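The next block holds one structure in the form of structure tokens; read it before the comments.
Just so it is clear, none of the values below were taken in a lab; they were calculated from the coordinates. Owing to the predicted nature of the structure, the values given are computational and were not obtained by experimental measurement. In this analysis, Cβ positions are derived from the backbone assuming ideal geometry, glycine residues included, and neighbour counts consider all displayed protein chains.
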Amino acid sequence: MIADGCNGIYFSAARACEIAIKTGKGRLTLPEEPGRYVTSRMSQHCFLALPIQIAHPMRVVDLPPHHADPFYRLLIVQSQIETLPLITKDEEIRRYEVETIW
């Protein structure tokens with residue numbers, strides 16, 4: 001799906017934030033600094049940026065507590081509000097009303 005140039009793949013600012021935080025804490029190692037890495041990979045794969053709108057975090061409070069990770073919770077509401085499927089293998093996300101691929 002990602003390799004098919006016909007699909008518009010969105011990369012959430014929430015995921016970029018998670019990458020930066022994990023790199024800063026030493027929990028994720030990248031071949032270059034996070035800003036350069038994310039930007040170059042988005043360009044290389046023609047990913048579209050999905051910014052965080054005020055409505056996204058405001059709706060997190062309405063989610064059932066199936067998943068505790070705040071970044072995943074934000075991705076779930078972005079998926080719901082923007083009607084975009086999530087590419088994930090996380091089984092907990094399937095408990096929410098959201099389309100998943102993987």
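Extending each Cα 7 Å along its Cβ direction at GLU91 and ASP69, get the distance between those two points in nm, one decimal.
The answer from the label model is 1.5 nm.
Does segment 51-102 come out rounded, prolate or oblate by the C-alpha gyration tensor, with a ≥ b ≥ c the root eigenvalues, rounded set by a/c under 1.5 and, if not, prolate when a/b is larger than b/c and oblate if not? Please list the in-between numbers first.
Numbers: a/c = 1.84, a/b = 1.25, b/c = 1.47.
The shape class here is oblate.
Counting each DSSP H run of 4 or more residues in the chain as -39500 (n - 2.57), what helix-only mean residue ellipticity at 222 nm follows after dividing by all residues, to the nearest 500 deg cm²/dmol? All intermediate terms of the calculation are to be shown ahead of the outcome.
On the way: 4 runs with 42 residues, N = 102.
Taken over the chain, the calculation gives -12500 deg cm²/dmol.
Treating only the Cβ of Lys, Arg, Asp and Glu as charged (+1, +1, -1, -1), what charge dipole size does segment 10-101 show about its Cα centre? Round to the nearest 20 debye.
Values: 11 positive and 11 negative charges, 52 e Å.
Result for segment 10-101 is approximately 260 debye, rounded to the nearest 20.
Enumerate the amide H contacts of ILE52 below 5 Å, restricted to partners 5 or more residues apart or on another chain; note that Pro and chain-start residues carry no placed amide H.
ALA13
Could you work out the local net charge near PRO34, counting Lys and Arg as +1, Asp and Glu as -1, over the other residues with Cβ closer than 14 Å to its Cβ?
+3
Determine the sum of side-chain charges near GLY8: Lys and Arg each +1, Asp and Glu each -1, restricted to other residues whose C-beta is under 15 angstrom from that of GLY8. If you can, show how the numbers build up before the last one.
On the way: positive: none; negative: ASP4, GLU82, GLU99.
Local net charge: -3.
At most 13 other C-beta atoms within 10 Å and a DSSP loop state: those are the exposed GluC sites (Glu not before Pro) I care about. Give me the longest piece of the chain that has none.
Values: sites that count: GLU32, GLU97, GLU99.
Between exposed loop sites, the widest span is 33-96.
Using DSSP to define loop residues, name the trypsin sites (Lys or Arg not before Pro) in segment 1-68 whose beta-carbon has at most 11 other beta-carbon atoms within 10 Å.
Values: sites: ARG15, LYS22, LYS25, ARG27, ARG36, ARG41, ARG59; in loops: LYS25, ARG27.
Within segment 1-68, the qualifying trypsin sites (Lys or Arg not before Pro) (loop, at most 11 other Cβ atoms within 10 Å) are LYS25, ARG27.
Would you pull out the residues with amide H under 5 Å of LEU86's amide H, same chain only if 5 or more places away, H placed 1.01 Å from N?
Here GLU99, THR100, ILE101 satisfy the definition.
Expected output is a single nm value to one decimal: the length gained when fully extending between SER40 and MET1, i.e. 0.36 nm times separation in residues minus the C-alpha distance. What is it?
On the way: separation 39, 0.36 × 39 = 14.04 nm, distance 1.93 nm.
Gain on stretching SER40 to MET1: 12.1 nm.
Using only Cα atoms, what Kirkwood radius does the chain have, in angstroms? The partial results should precede the final answer.
Numbers: mean 1/r = 0.0686 Å⁻¹.
When all Cα pairs of the chain are included, the Kirkwood radius is 14.6 Å.
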